[in-house]
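K.L.:
Have a look at this one.
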Amino acid sequence: MSSTALGTIAEDEASTGRPAWESPEEVQKQLERVVSSTHFRNSKRYPALLRYLVQQSLLGRMDALKERTLGIEVFGRPADYDTNADPVVRITAGEVRKRIAQYYQSPNHDHELRLDLPLGSYALRFLPPHETTPLPFVNPDFEGTPEAHLLDSPLPVTAPLIPENIVSAPELEASPADAKRRPLRSKRMQAIFALGTLVVLALSSVTLVDVANARRQEAGMTFFWGPILRSKAPAMIVLGVHSFDTHGNDLSPTSLAQLPQGGETVLNSMIRSNMVSISDVVSYSEVVSVLAQHSLPLHTQSAAETTIEEFRRGPIVLIGGFDNMWTMRLTSTLRFRFGALSNSLHEIQDTQHPDSRWQFDNSQSALSTSRDYAIVARFFDPQIEQLVIVIAGIGKSGTEAAAEFVTDKDALRTWTEALSVQNRENIEVVLSTDVIEGKHGPPHVVASDCW
């Protein structure tokens, strides 16, 4: 935005008598604070969109704050591009909204002008800083606690006045003056007692509401992870690995028998048969973070090194799809399962509705715009007689989105409340995630089954 435009807007704002924090200059200063923060400075797309939204919102150009216009002006898309096939604006706006919220979560930013991007809109709002609640006035000449001052009592109130806190004392012979003051004191004590009771009830109700909200917030996590957390045996996390033949071709999990069993160095063996993708490592770290909060004993192995006998020792968490031979094997009897159409074109199949297929081509450009899919499942497997959790995508973005889904309190709560699956022991979900320039967006449930 040019300085001339900003100056014009500033004059208009001044003429309307609006507070100083609404001026374009203050908005621009706050914009620079936000985009220079750790939440934005390592990205090009997020600051670009936020700057454009600020500029157009300041100028009042609501016609420029439409998805197609933003795609053309900010991301260089052609005028006739398909917004459904290329949701770059929606995904980026969602990230911008999330990162703005993360920025203002820090207490250091409480007194700053607030940028707000409401859900369902691309028009930014400029809000005043959070104001602290003023404390009750206390007379500086008054000696005693603030509570006693507010009650107009000569005695400090150090605890709610409930019956067991009132100590009886021997009655003394009262003077005539004391006899006259006694009804007044009695009324005052009754008032204090009533007020104390109200305070206790109010605090109790607030506590109950907080507890109810906390339980509701944790309901999804408790439903999904509860069975494994209640297990007395250590959980084993099995990571998918990539294996390669002597020509460097990636082998399918069912082709591991082609690998030589000896006669090679440790380094060659590691390079050819123990390669773990970064997406699986990221997903692994998110899952471990959740389980570690509950002090659950964990053991980690690669899929290539795990035997079925080891599965019988405790609950299993499988991470990775086509690179995890155990994911492929244990999901083969479920309603939703993985299938391969070629070396690169894979899909998730719905055995109850054969026409429902969700496909992803791993041979496409890593920076292309596409849609990946994943399976999240929790079920008891009768073959190994253990609880199994599956977190697996067709591609790397699908696995990352699946891990985000099972570790996000809000996502799990929303899903469990919408489908009322809290009483089901076994569940399976198909997720989709839009991929923009190699980065996955939020996970979305496209199909589910429970039994």
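K.L.:
Residue under question is His299, and the condition is that it be at pLDDT below 90, in the same structural domain as Ile427 (by TED's automatic domain parsing) and assigned to a strand (DSSP E or B); does it hold?
P.N.:
Against the criterion (at pLDDT below 90, in the same structural domain as Ile427 (by TED's automatic domain parsing) and assigned to a strand (DSSP E or B)), His299 qualifies.
K.L.:
Here's something else I'd like to know. Residues being in contact (Cβ under 8 Å) with a residue 24 or more places away in the chain and closer than 23 Å to Ile436 by Cβ: count how many of those fall in segment 32-42.
P.N.:
Of the residues in that region, 4 qualify.
K.L.:
Taking the condition of being under 14 Å from Pro47 (Cα atoms) and small (Gly, Ala, Ser), how many residues in segment 84-117 meet it?
P.N.:
The total comes to 2.
K.L.:
Let me ask something else about it. Can you name every residue in segment 191-236 that is modelled with pLDDT under 80, in a helix (DSSP H, G or I) and not aliphatic (A, V, I, L, M)?
P.N.:
Residues satisfying the conditions are Phe193, Gly196, Thr197, Ser204, Ser205, Thr207, Asp210, Asn213, Arg215, Arg216, Gln217, Glu218.
K.L.:
Check segment 333-344 and report whether any residue there is under 22 Å from Asp449 (Cβ atoms) and touching a Phe, Trp or Tyr at 6+ places or on another chain (Cβ under 6 Å).
P.N.:
So far as segment 333-344 goes, no, none of its residues is under 22 Å from Asp449 (Cβ atoms) and touching a Phe, Trp or Tyr at 6+ places or on another chain (Cβ under 6 Å).
K.L.:
So which residues in segment 347-360 are surrounded by fewer than 22 Cβ atoms within 10 Å (Cβ to Cβ) and not in a loop (DSSP other than H, G, I, E, B), if there are any at all?
P.N.:
If the condition is that a residue be surrounded by fewer than 22 Cβ atoms within 10 Å (Cβ to Cβ) and not in a loop (DSSP other than H, G, I, E, B), then Glu347, Gln349, Asp350, Arg357, Gln359 are the ones that fit.
K.L.:
Kindly evaluate Phe311 against the criterion of being under 31 Å from the mean Cα position of the chain (by Cα) and at pLDDT 95 or above.
P.N.:
So Phe311 fails the test.
K.L.:
From the set of residues in segment 440-451 that are assigned to a strand (DSSP E or B) and touching a residue at least 60 places away in the same chain (Cβ under 8 Å), which is nearest to Ser279 (Cα to Cα)?
P.N.:
Taking the candidates together, the pick is His440.
K.L.:
Somewhere in segment 382-401, is a residue in a loop (DSSP other than H, G, I, E, B), within 13 Å of Phe322 (Cβ to Cβ) and touching a residue at least 24 places away in the same chain (Cβ under 8 Å)?
P.N.:
yes
The values are calculated or read from the model by the stated rules, or taken from the named source; none is laboratory data. Quantities reported herein were computed from a predicted structural model and do not represent experimental measurements. Methodologically, a virtual Cβ is constructed for each residue, glycine included, from the backbone with ideal geometry; neighbour enumeration extends over all protein chains shown.
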